[in-house]
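The values are calculated or read from the model by the stated rules, or taken from the named source; none is laboratory data. Note that the structure is predicted; figures quoted are calculated from it, not measured. Methodologically, a virtual Cβ is constructed for each residue, glycine included, from the backbone with ideal geometry; neighbour enumeration extends over all protein chains shown. Side chains are part of the model used for accessible areas, which takes the heavy atoms of the whole protein and leaves out ligands, DNA and RNA. Shrake-Rupley method; radii C 1.70, N 1.55, O 1.52, S 1.80 Å.
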Amino acid sequence: MLPIPTADGQADAFAAFPDDGERHPGVLMYADGFGIRPVLRERARELAGHGYYVLVPNFFYRHGPAPVVELPEHIGEEARTAVMSRLMPLIEAHTTERTLRDADAYLTFLTA
């Protein structure tokens, strides 16, 4: 994982980019409430294959590095309640103010 300095500490993030040593347009890809997981890494790599530097930040970094909540490979009905009970406090703590502060840090990183 890639460390990103923020106003509230150090966020971890996943980055995918073409391996040609050149600069590329940046894409800030936000995860959904389940956070960074294999399917998002695959999507980021796919975009990178089209010439983009893709940054997927762990917006739950204040609670630890990704994965903050371990997810089963498939979140079926039987697992959904348990997973959501662990995720909801994290989602509720992720305020608009935090989102905006973090976005500034992520975009600063992408433009550097």
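Each residue, residue 22 and residue 41, gets one label point 7 Å from its Cα in the Cβ direction; the gap between the two is 2.7 nm. Largest first, the residues 45, 37, 23 sort by 1.4 Å accessible area into 23, 45, 37. Backbone amide hydrogens, once placed in the peptide plane, bring residue 58 within less than 5 Å of 12, 13, 14, excluding anything fewer than 5 places away on its chain.
Where the accessible area of the chain is counted over protein heavy atoms with a 1.4 Å probe, how much of it, in %, is carbon and sulfur? Before the final figure, lay out the partial values.
Numbers: 3760 of 6800 Å².
Using a 1.4 Å probe with all protein chains present, the chain comes out at 55 percent carbon and sulfur.
Note on the chain: percent of Cα-Cα distances in each 10 Å bin, starting at 0 and stopping at the bin with the largest distance, equals 14, 44, 31, 11, 1.
For the chain, the antiparallel share of DSSP beta bridges with both residues in that region comes to about 75%. Relative to one another, the C-alpha centroids of region 1-33 and region 61-106 are positioned 18 Å apart.
Residue 22 exposes around 120 Å² of accessible area when a 1.4 Å probe is run over every protein chain in place. A simple spin-label model places pseudo-atoms 7 Å from Cα toward Cβ; at residue 95 and residue 30 they are separated by 1.7 nm.
Express the relative contact order of region 17-112 as a whole percentage, based on alpha carbon pairs under 8 Å and six or more residues apart in sequence. All intermediate terms of the calculation are to be shown ahead of the outcome.
Details: 89 pairs, mean separation 29.4, N = 96.
It comes to 31 percent, rounded to a whole number.
Taking label positions 7 Å along the Cα-Cβ direction at both residue 82 and residue 110, the computed distance is 3.6 nm, reported to one decimal. Using a Gaussian network model of the chain in which every pair of alpha carbons under 10 angstrom is joined by a spring, one finds that among 80, 62, 43 the greatest mean-square fluctuation is at 80. What accessible area per residue, rounded to a whole number of Å², is obtained for the chain using a probe radius of 1.4 Å? That works out to 61 Å² for each residue.
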